[in-house]
Every structure is written in C-alpha cells, then in structure tokens.
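The values are calculated or read from the model by the stated rules, or taken from the named source; none is laboratory data. In this text, all values refer to a predicted model and were calculated from it rather than measured experimentally. FYI the Cβ positions are ideal-geometry reconstructions off the backbone, even for glycines, and counts take in every protein chain you see.
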Amino acid sequence: MFERIQQWLLRGGLGQRLVIGVPFAWLLTLTAIPMLIILQFSFSQMGEATIIKPWTLVDGVLSVKVDFNKYQFLFTDSLYVATYLSSVKYAAINTVLCLAIGYPFAYFLARSPEHIRPSLLMAVMLPFWTSFLIRIYSWKGLLATNGLFNNVLLSLGVISEPLQMLNTPFSLTLGMVYTYLPFMILPLVANLQKFDTRLLEAAADLGATPWKAFWLITVPLSKNGIVAGSMLVFIPSLGEYVIPELLGGPETLMIGRVLWDEFFGNNDWAMASAVAVVMIMLILVPMAVFNKFGEKS
C-alpha cells in the first residue's frame, strides 16, 4: 500500500511538487521567515515598549529608514568584540579536545569485535537518555568547593585546601567537552567502519611503520568524518548558553549569554537581533567551508 502511494506521488508533476513543496514550505515557515523577522529587527529602532520598524507604508508610499548603528556599535565596542572572540576561542578549544579524545575512541570502536561494538555505541549514546540540563547541573555538584572531586583530593592528601574548579574556564571547557564529545565520535565511527584495512596491510608490506601508515592512510581517508564531527561540535558550541551560564564565570562570557541579557535583561530586541545576526554569520563561515569540502570530496 505504501509503495503504491509513493509511486503515485512520484509518477506525475503533482507528486513531485508535493514531495518537494512540503519540506520547502516547512523550512520556509520555521526557518526563513523567523530569520527575516530577526533581520528586520536588527535594522529597527527600539521605542519605549515596542520596536519601530525600519519601513512604513503611508497612503501607499513606502518609506524605509534603516539603522546601521547597532552593527557599527557591535564591531567597535570592545566588550562585544571580546565576547565574539571568546565564543570562537572556546568553541575551537572544545572542537580540538573532542577530536583528540574522540578519534582514538572512535577508532577503537570501529576496530573492535562486532559482539562488543553495540555495547560501546550504547556507552556513547547513554548520556542522551538523561536531560541535558540535569547532566550539566550534576557537574556543579562535582566541581563545587565542597563537591566530590575536592573531597576526594582532600582525603587522599593531594591538596591541602579546596580548589576553585567551578565557574572557571576549566569547568566551562570540561562541561562543553563532556556534552559534545558524542557528536564527534558518532560521525567518526560511521566513517572509520567503512575503512578498508587491507590498505594498512599493503602499507606494512611496503615497509611503512604503523604510526606512519596511520598518518598517511587512516587519517586522510577519515577526513570526511573529522570535518563532519568538527562542524557538529563547533557550530552549536559557538552559541552555547546553558553551559557558560551554569559552569562558566565572569571571565568566560560567551555570546549566548550576551544575547540572553539583551533580549530579557535590557529588553532591547533590536540590539539582540543584531547580535544574533552577527552570530549566525559566524556560523555560516564554517558551514560554507564544510559545503565546499563536501563538493570537492
């Protein structure tokens, strides 16, 4: 029955239009239109309680008054510039650490016997069974001054007084790596499982050491998984709000927190929209690199 319906949809022009049109309408409604609204807000002015739109229609005459002051302020104010750079820095650090930790694990998982591979995959996906917010809150209890880590170190005599681990760059980085590590591992596993191990045997026959064969054969052939995993980690890390809010401190300010403050603290929707547009432009750069890389592949 389902196959007949599918053939009917794809048989004529109407079916093709439906198959293409429904997802297109969904993306247009839930992605493009909200983005256009945000873009309009970014060029608007903020009144006492409402947003003054950049265009007005009076007696059939369209009047446009675009305000670029917010974008100029974003690129000249040291606080916003430092916040954007801080977001890029922590997102890049998180991506590099996830790759350094995730690649060996993904390689081991892809080369492990088939009967234990599902268990290892389950261990990677198990954190998704618990609420993201609860998992981040649990790190507050572990890293607190009187938390588990400090109590264990004190009992072992490693330290003489509790360490300040919470609300520091360390706690922020630890929380981000813990959260986004599965997003790096899963694409790498999918890529490495397709790897032909006979290439390594051929390299060994030609005199290559295991380390040299790894760098010259395994890593280049797994670059698609590396790029995909890096994009899945870097892009959401750039706009992260919950982890910097719960685990970060004053020196770990990221753009997600600034965006929240502008929207709900200062009630300046126009400025917040400009911040969001610039953040999206930062995200589009790695996405463009990824698409270009995909086309070359």
query: within 19 Å of Val124 (Cβ to Cβ) and under 15 Å from the mean Cα position of the chain (by Cα): does that describe Met231?
result: yes
field: Breaking point among (1) over 18 Å from Gly102 (Cα atoms); (2) in a helix (DSSP H, G or I); (3) without any contact (Cβ under 8 Å) to a residue 60 or more places away in the chain, for Ser171
entry: (3)
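Could you run through segment 201-213 and say how many residues are within 22 Å of Leu99 (Cα to Cα) and touching a residue at least 12 places away in the same chain (Cβ under 8 Å)?
Start the filter on segment 201-213 by keeping residues that are within 22 Å of Leu99 (Cα to Cα), which leaves 210-213.
Next, from what is left, pick out any that are touching a residue at least 12 places away in the same chain (Cβ under 8 Å): 213.
Residues in segment 201-213 being within 22 Å of Leu99 (Cα to Cα) and touching a residue at least 12 places away in the same chain (Cβ under 8 Å): 1 in total.
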message: With the structure loaded, tell me whether Met165 is in contact with an Asp or Glu (Cβ under 8 Å, 6 or more places away or on another chain) and either crowded, with 16+ Cβ neighbours inside 10 Å or among the basic types (Lys, Arg) (or both) or whether it fails that test.
response: no
message: If Ser119 meets every condition in (1) in contact with a Phe, Trp or Tyr (Cβ under 8 Å, 6 or more places away or on another chain); (2) assigned to a helix (DSSP H, G or I); (3) exposed (fewer than 15 other Cβ atoms within 10 Å of the Cβ) apart from one, which number is that one?
response: (1)
query: When both residues are 6+ apart or on different chains and their Cβ atoms are under 8 Å apart, which pairs have a first residue that lies in segment 267-292 and is farther than 17 Å from Asn224 by Cβ, and a second that is modelled with pLDDT of 80 or more and of a type in the set (Asp, Glu)?
result: Asp268/Glu262; Trp269/Glu262; Met271/Glu262; Ala272/Glu262; Val275/Glu262
query: Which residue pairs have Cβ atoms under 8 Å apart, sit 6 or more places apart or on different chains, and have a first residue in segment 92-116 that is within 17 Å of Thr197 (Cα to Cα) and a second that is among the aromatic types (Phe, Trp, Tyr)?
result: Ala110/Phe195
query: Of the conditions (1) at pLDDT 90 or above; (2) buried (at least 16 other Cβ atoms within 10 Å of the Cβ), Pro104 fails just one. Which one is it?
result: (2)
message: Quick check on segment 55-72. Is at least one of its residues in contact with a Gly (Cβ under 8 Å, 6 or more places away or on another chain) and of a type in the set (Val, Ile, Thr)?
response: no
field: Filtered residues of segment 143-158 (kept if more than 22 Å from Ile243 (Cβ to Cβ) and surrounded by 13 or more Cβ atoms within 10 Å (Cβ to Cβ))
entry: Asn151, Leu153, Leu154
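Within segment 1-85, considering only helices (runs of 4 or more DSSP H) that don't extend past its boundaries, which have at least 3 residues that are touching a helix residue (DSSP H, G or I) at 6+ places or on another chain (Cβ under 6 Å) and at pLDDT 75 or above?
On the way: elements: 2-11, 13-27, 33-42, 69-76.
By residue number, 33-42, 69-76.
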Leading residue by the ranking (modelled with the highest pLDDT) among those in segment 234-262 that are among the aromatic types (Phe, Trp, Tyr) and within 16 Å of the chain's Cα centre (by Cα): Phe234
task: Scan segment 117-168 for residues that are under 27 Å from Glu251 (Cβ atoms) and either under 24 Å from the mean Cα position of the chain (by Cα) or in contact (Cβ under 8 Å) with a residue 12 or more places away in the chain (or both) and report the count.
output: 23
- prompt: Tally time: how many residues in segment 129-152 are in a helix (DSSP H, G or I), out of contact with any Phe, Trp or Tyr (no Cβ under 8 Å at 6 or more places or on another chain) and either of a type in the set (A, V, I, L, M) or farther than 16 Å from Met176 by Cβ (or both)?
  reply: 10
Matching entry among Gly147, Gly157 (being farther than 30 Å from Ile235 by Cα and touching a Lys or Arg at 6+ places or on another chain (Cβ under 9 Å)): Gly147
